[in-house]
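Asker: First the structure, which I've put down as structure tokens, then a few questions once you've had a look.
The values are calculated or read from the model by the stated rules, or taken from the named source; none is laboratory data. Please read all numbers here as calculations on a predicted model, not as lab measurements. With ideal geometry, Cβ positions are generated from the backbone for all residues, glycine too; neighbour counts draw on all protein chains shown. Note: areas computed on protein heavy atoms with side chains; ligands, DNA, RNA excluded. Shrake-Rupley method; radii C 1.70, N 1.55, O 1.52, S 1.80 Å.
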Amino acid sequence: MFLVIIFTSSFLFSSYNALDFCVGDLSAPQGPAGYSCKKTEEVTVKDFVFSGLRVAGNTSNLSKVTITPAFSTQFPGLNGLGISVARVDFSVDGRGLMHTHPEATEVLIVIQGTLCAGFISSTNKVYLTSLHEGDVMVFPQGLMHFLINVGNSSALAFTSYTSASPSIYFMDYAWFANDMSTYILQKTTFFDHDQIKRLKRVLGGTN
């Protein structure tokens with residue numbers, strides 16, 4: 001009986017001292033598991049609130065789309081919780097270029113406008129649809145996907161990810177915005193020399 005009491009007391013004590021959250025210490029390096037925890041006495045309610053998604057992003061760029069993230073780097077209260085959000089603004093003809101999130105599933109909800117959206121499965125099957133205000137679509141983890149504003153006005157969507165710090169790999173930039181030689185790209189893709197050089201010039205790549 002004494003051992004039962006000791007075990008029960010130990011369990012209750014450990015439960016009361018469980019780690020409820022791990023607000024990210026942004027002054028420390030970020031590792032694969034996220035940031036180290038800020039000291040509890042330094043945590044305030046501000047760590048659990050983010051207001052940066054109120055303002056529309058600047059879409060005057062090549063793709064006419066801007067992603068405003070609320071990831072653990074911007075929103076330290078998300079650290080370790082396995083979730084994050086972002087705002088996505090589209091100008092007319094804005095294009096969310098083909099990209100992937102290797103470690104996160106994405107859920108998108110359309111707030112304004114009409115989007116053409118789709119993803120490609122690992123068997124190269126395309127799942128394509130039109131999304132309107134209030135529609136929600138999921139993009140499974142690691143699969144290439146894209147979004148296009150096909151309406152006559154700007155569009156707005158919000159996304160959520162199953163990671164507090166999801167990485168985003170844009171295929172075009174991965175190929176053509178680096179210093180990999182044109183020769184290697186030509187040999188490892190179906191692009192010809194002139195196409196590669198043109199895309200490198202557009203996206204800032206070299207060699």
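Asker: Sort Ser60, Ser51 from largest to smallest accessible area, using a 1.4 Å probe on the heavy atoms of the protein chains.
Answerer: Ser60, Ser51
Asker: Please get the size of the charge dipole for the chain, origin at its Cα centre, with Cβ charges of +1 on Lys and Arg and -1 on Asp and Glu, quoted in debye to the nearest 20.
Answerer: It comes to approximately 440 debye.
Asker: Which GluC sites (Glu not before Pro) does the range 38-145 hold that lie in a coil by DSSP with at most 16 other beta carbons within 10 Å?
Answerer: Hits after loop and neighbour filter: Glu103, Glu133.
Asker: Whole number in Å², please: accessible area per residue of the range 48-143, 1.4 Å probe, ligands, DNA and RNA not counted.
Answerer: 49 Å²
Asker: Then there is this: Provide, as a two-decimal number, the C-alpha radius of gyration of the range 65-170 over 2.2 N^0.38 Å, N being how many residues it has.
Answerer: Rg over 2.2 N^0.38 Å, computed on Cα atoms: 1.02.
Asker: How high is the relative contact order of the chain? Use alpha-carbon pairs under 8 Å, at least six apart in sequence, and give a whole percent.
Answerer: Reported as a whole number, the value is 19 percent.
Asker: Count the net charge of all other residues whose Cβ sits under 13 Å from the Cβ of Ala155, scoring Lys and Arg as +1 and Asp and Glu as -1.
Answerer: Around Ala155, the charge tally is -1.
Asker: Hey, what D do you get for the chain in µm²/s if you plug the Kirkwood alpha-carbon radius into Stokes-Einstein at 4 °C and 1.567 mPa s?
Answerer: 65 µm²/s
Asker: Write out the cysteines belonging to the chain for which the nearest other cysteine Cβ is not under 4.7 Å, or none if no such cysteine exists.
Answerer: Unpaired cysteines in the chain: Cys116.
Asker: Place +1 on the Cβ of every Lys and Arg and -1 on the Cβ of every Asp and Glu in the chain, take the dipole about the Cα centre, and give the residue among Thr182, Val65, Thr100 whose Cα lies farthest towards its positive end.
Answerer: Farthest towards the positive pole: Thr182.
Asker: How large a share of the accessible area of the range 10-159, in percent, is made up of carbon and sulfur atoms when the probe is 1.4 Å and the other protein chains stay in place?
Answerer: So the carbon and sulfur contribution to the accessible surface is 59 percent.
Asker: Also, I was wondering about something else. Please work out how much length the chain gains when fully extended from Glu103 to Ser167, using 0.36 nm per residue of separation minus the C-alpha to C-alpha distance, in nm with one decimal.
Answerer: 22.3 nm is the gain from fully extending Glu103 to Ser167.
Asker: If you don't mind, there's one more thing I want to ask. Given only helices, namely DSSP H runs of n ≥ 4 each adding -39500 (n - 2.57), what is the per-residue ellipticity at 222 nm of the chain, to the nearest 500 deg cm²/dmol?
Answerer: After summing the helix terms and dividing by the residues of the chain, the value is -5500 deg cm²/dmol.
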